[in-house]
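J.: I have a structure I would like to understand better, so I am pasting it below and will then ask my questions one at a time.
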C-alpha cells in the first residue's frame, strides 16, 4: 500500500548529514551525554541506537537498508495508508518503533502492545473510512507525539527543529492522502 522510497526520502531529508554535537544524547554510544563514545548521528542513524556502526562513514544506501529493516518493516509500513505510514515511520526513526506503534494504537483505540497486527490494521481502516478520518487520525497521532517530545529534557535545545519537523510531516501526510 505505501511506498517506502518516497517516505524514506522525506524522512532522511529531515535528518541531515553527520553531526557529533556532544550535547545530543543520541550521539553517544551509551545514549546519555558523556556515556560511552560520542560517535555522532548521520542520516538519523545514531550512535545510541547503533553503537556498533561507523556512523561518520555510513553511506546513504546503508542507511536506507537499515531504515527499511529496523524501522519500516517493524511498523509494517507496507500495510499502512501512505499518510499514516509516513507519520509512524518518522516517529519510529525519531522516537522508537514501540512508542510509534503505541501512539498509533492509542489514536485508533486498540490495545497498546507495540505490534501492528490484524486488530490494529482493522481499526485504522475503520478510522480512515470515516469522513475526515484520515486527517483526524494524523492529528491525533501527531498530538500524542508532540506531547511526548515537549516533555523531553532536550526540548529546550532541539524543540524548534522538532516542531518544524512535525509541521512538515502534517502537510506531507495530507499531500500523501490527497494523492490517493
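The values are calculated or read from the model by the stated rules, or taken from the named source; none is laboratory data. Since this is a predicted model, take the numbers as computed values, not measurements. Here the Cβ positions follow ideal geometry from the backbone for every residue, glycine too, while neighbour counts run over all protein chains shown.
J.: Between residues in segment 100-122 that are in contact (Cβ under 8 Å) with a residue 40 or more places away in the chain and residues that are surrounded by 15 or more Cβ atoms within 10 Å (Cβ to Cβ) and not in a helix (DSSP H, G or I), which pairs lie under 7 Å by C-beta distance while being six or more apart or on different chains?
T.: That search, which allows pairs on different chains as well, returns 116/76.
J.: Being under 18 Å from residue 81 (Cα atoms) and in contact (Cβ under 8 Å) with a residue 60 or more places away in the chain narrows it down to one of 135, 176, 91, 139, so name that one.
T.: Testing whether each residue is under 18 Å from residue 81 (Cα atoms) and in contact (Cβ under 8 Å) with a residue 60 or more places away in the chain leaves just 176.
J.: In the list 160, 174, 169, which residue meets the criterion of being part of a helix (DSSP H, G or I) and farther than 26 Å from residue 24 by Cβ?
T.: On the way: 160 fails: farther than 26 Å from residue 24 by Cβ; 169 fails: farther than 26 Å from residue 24 by Cβ.
Only one candidate passes the filter, namely 174.
J.: Checking the conditions here, which among 163, 100, 129 is within 18 Å of the chain's Cα centre (by Cα) and over 24 Å from residue 66 (Cβ atoms)?
T.: 163
J.: Do we have any residue at all in segment 120-137 that's within 20 Å of residue 7 (Cα to Cα) and in a loop (DSSP other than H, G, I, E, B)?
T.: Looking for residues that are within 20 Å of residue 7 (Cα to Cα) and in a loop (DSSP other than H, G, I, E, B), one finds none in segment 120-137, hence no.
J.: Same structure, new question: Picking from 163, 100, 111, which residue would you name as being in contact with a helix residue (DSSP H, G or I) (Cβ under 9 Å, 6 or more places away or on another chain) and surrounded by 15 or more Cβ atoms within 10 Å (Cβ to Cβ)?
T.: 100
J.: Another question, if that's okay. Out of all the residues in segment 23-57, which are in a loop (DSSP other than H, G, I, E, B), buried (at least 19 other Cβ atoms within 10 Å of the Cβ) and touching a residue at least 24 places away in the same chain (Cβ under 8 Å)?
T.: 24, 43, 44
J.: Hey, could you check segment 1-29 for residues that are at pLDDT 90 or above and over 22 Å from residue 162 (Cβ atoms) and say which is farthest from the chain's Cα centre (by Cα)?
T.: Here the residue is 29.
J.: Might you let me know whether segment 58-67 holds any residue that is touching a helix residue (DSSP H, G or I) at 6+ places or on another chain (Cβ under 9 Å) and assigned to a strand (DSSP E or B)? Don't jump to the end; show me each part of the working.
T.: Step one: filter segment 58-67 for residues touching a helix residue (DSSP H, G or I) at 6+ places or on another chain (Cβ under 9 Å), giving 58, 60, 63-64, 67.
Of the ones still in play, those that are also assigned to a strand (DSSP E or B) are none.
Looking through segment 58-67, none of the residues is touching a helix residue (DSSP H, G or I) at 6+ places or on another chain (Cβ under 9 Å) and assigned to a strand (DSSP E or B).
J.: Name the residue, out of 93, 108, 115, that is within 16 Å of the chain's Cα centre (by Cα) and farther than 19 Å from residue 7 by Cβ.
T.: The unique qualifying residue is 115.
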